[in-house]
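Participant: Okay, here's the structure, questions in a sec.
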Amino acid sequence: MSDYDTVSAEVEHEDEIPEDHPRYQDLLTRHRIEKGVEKGITHLQGMHAEGRGSAFDYLLGEETIPSADDAERAAAAHLLLADHPVLSINGNVAALVPGEMVDLAETVDADLEVNLFNRTPERMQAIADHLRDHGAEAVKGLEADARIPNLDHQRGKVDEDGIYAADVVLVPLEDGDRAEALGEMDKTEIVIDLNPLSRSPRVAEVPIVDNIIRAVPNITAHARDLVDADRDTLEKIVEEFDREHALEAAEERIRSGF
Ligand code: ATP
């Protein structure tokens, strides 16, 4: 057994995880989800979702593959072109990339909205507070004065001036039913999901098959690069993006390793 094998069980703070560990990103992700559960931000089921994601990331080589980078650039262009972009936050997203989501929202001038599968007032509030602790000025989702059609009452709750009114929504680690229902509302949907076979990326206009801890900072980097670009340039990036290719390239990488 190497010294590294004991790392995750004993870590109190993520700084203790050695950055040169061969599975550094996986340990970091796991640690953040565990902390999220402890803080009441992440539901226990979020650990299962993380486990599924971790297996796919292992097969992807724990790196942003070129087709995912293209998708991240297309996502940045969509968000910059949008009239009303909204970034949806669930318990796993809040645990894994709170500051990075705040940074992206500021860069593309988007709203942040908490949207939970297992919605309780305590968890909604804990996540909103957590985002504010990471620099968010306004957090939507607590009003819940509108409904996504074709979803049951709890899971369909959104803010009327948030996700309901958005033209472009980023929905990372989303469950398939909600991704489908949002897609039916004629919104441009950007999904981050490590499983290219999952329903959510398959219904998205921009499926990003990448770990959220790499994807969000990279979308922000592309957005910073494109922030002064004219509409024609942004529209060209959007038009040239091929969603079928992005899904196929990710599946090919997972199945063959190439
Ligand atoms: P679906 O309902 O879409 O058919 P599912 O039941 O697997 O699929 P959920 O469990 O609701 O969906 O969502 C979890 C999804 O998030 C999984 O597809 C998983 O691969 C993905 N995922 C988990 N962790 C990460 C991560 N860190 N980055 C990106 N995706 C992740």
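Participant: Once phi is turned into ³J(HN,Hα) by the Karplus curve 6.51 cos²θ - 1.76 cosθ + 1.60 with θ = phi - 60°, what whole-Hz value does each residue of the range 40-51 show in order, with x for glycine and proline?
Facilitator: Result, ordered by residue: x, 8, 10, 6, 3, 5, x, 5, 5, 4, 5, x Hz.
Participant: Among the DSSP beta bridges whose two residues both lie in the chain, what percent are antiparallel, rounded to the nearest 5?
Facilitator: Antiparallel bridges: around 10 percent, rounded to the nearest 5.
Participant: Using only the Cα atoms of the range 120-175, construct the convex hull and provide its projected area averaged over every direction, in square nanometres to one decimal.
Facilitator: 4.5 nm²
Participant: Cross-link candidates for Lys236: which aspartates and glutamates have Cα within less than 17 Å, leaving aside residues fewer than 8 places away along the same chain?
Facilitator: Excluding near neighbours in sequence, the set is Asp69, Asp70, Glu72, Glu205, Asp225, Asp228.
Participant: For the chain, what is one quarter of the convex hull surface built on the Cα atoms, given in nm²?
Facilitator: 13.6 nm²
Participant: So what is the 222 nm mean residue ellipticity for the chain from helices alone, if each DSSP H run of at least 4 adds -39500 (n - 2.57) and you divide by all residues, rounding to the nearest 500 deg cm²/dmol? Provide the component values of the computation, followed by the final result.
Facilitator: Working: 12 runs with 134 residues, N = 258.
About -16000 deg cm²/dmol.
Participant: So, counting K/R as plus one and D/E as minus one, what does the shell of residues with Cβ under 12 Å around Ala94 add up to? Walk me through the intermediate numbers first.
Facilitator: Numbers: positive: Arg32, Lys35, Lys39, Arg123, Arg132; negative: Glu100, Glu113, Asp129, Asp133.
My count for the surroundings of Ala94 gives +1.
Participant: For the range 118-258, give the share of DSSP beta bridges that are antiparallel, in percent and rounded to the nearest 5; count only bridges with both residues there. If you can, show how the numbers build up before the last one.
Facilitator: On the way: 2 of 10 bridges.
Here the antiparallel bridges make up roughly 20 percent for the range 118-258.
Participant: While we're on this one: If the reach is capped at under 17 angstrom between alpha carbons, list the lysines near Lys187, excluding any in the same chain fewer than eight residues apart.
Facilitator: Here the lysines satisfying the reach criterion relative to Lys187 are Lys157.
Participant: Projecting each Cα onto the charge dipole of the chain (Lys/Arg +1, Asp/Glu -1 at the beta carbon, about the Cα centre), which of Val191, Leu80, Val37 comes out farthest on the positive side?
Facilitator: Val37
Participant: If the viscosity is 0.692 mPa s and the temperature 37 °C, what translational diffusion coefficient in µm²/s does Stokes-Einstein give for the range 148-257 when Rh comes from Kirkwood over Cα pairs?
Facilitator: 217 µm²/s
Participant: Go through Tyr24, Tyr58 and list them by solvent-accessible area, largest first, probe radius 1.4 Å.
Facilitator: Tyr58, Tyr24
Participant: When a/c reaches 1.5 or more, the comparison of a/b and b/c decides; with that in mind, is the range 189-236 rounded, prolate or oblate per its Cα gyration tensor? List each step's numbers first, then the result.
Facilitator: Details: a/c = 4.34, a/b = 1.66, b/c = 2.62.
Cα axes put the range 189-236 in the oblate bin.
Participant: OK, next. Choose one of Tyr24, Ala204, Val238: the residue whose Cα lies farthest towards the positive end of the charge dipole of the chain (beta-carbon charges +1 Lys, Arg; -1 Asp, Glu; about the Cα centre).
Facilitator: Checked the options; the winner is Ala204.
Participant: Place a +1 charge on the Cβ of each Lys and Arg in the range 83-186 and a -1 charge on the Cβ of each Asp and Glu, then give the dipole magnitude about the Cα centre in debye, rounded to the nearest 20. Don't skip to the answer; put the middle values down first.
Facilitator: Details: 8 positive and 24 negative charges, 95 e Å.
Dipole magnitude for the range 83-186 comes out near 460 debye.
Participant: Let me ask something else about it. Rank-order 130-137, 50-57, 99-106, 73-80 by packing density, defined as the average count of other C-beta atoms within 10 Å over each peptide's residues, highest first.
Facilitator: Details: 130-137: 16.2, 50-57: 18.2, 99-106: 20.8, 73-80: 26.4.
Those peptides, ordered most packed to least, come out 73-80, 99-106, 50-57, 130-137.
The values are calculated or read from the model by the stated rules, or taken from the named source; none is laboratory data. Not measured: the values here are computed from a predicted model. Note that we place each Cβ from the backbone using ideal geometry, even for glycine, and neighbour counts take in every protein chain shown. Each accessible area value is taken on the protein alone, full model and side chains, heavy atoms only, with ligands, DNA and RNA left out. Shrake-Rupley method; radii C 1.70, N 1.55, O 1.52, S 1.80 Å.
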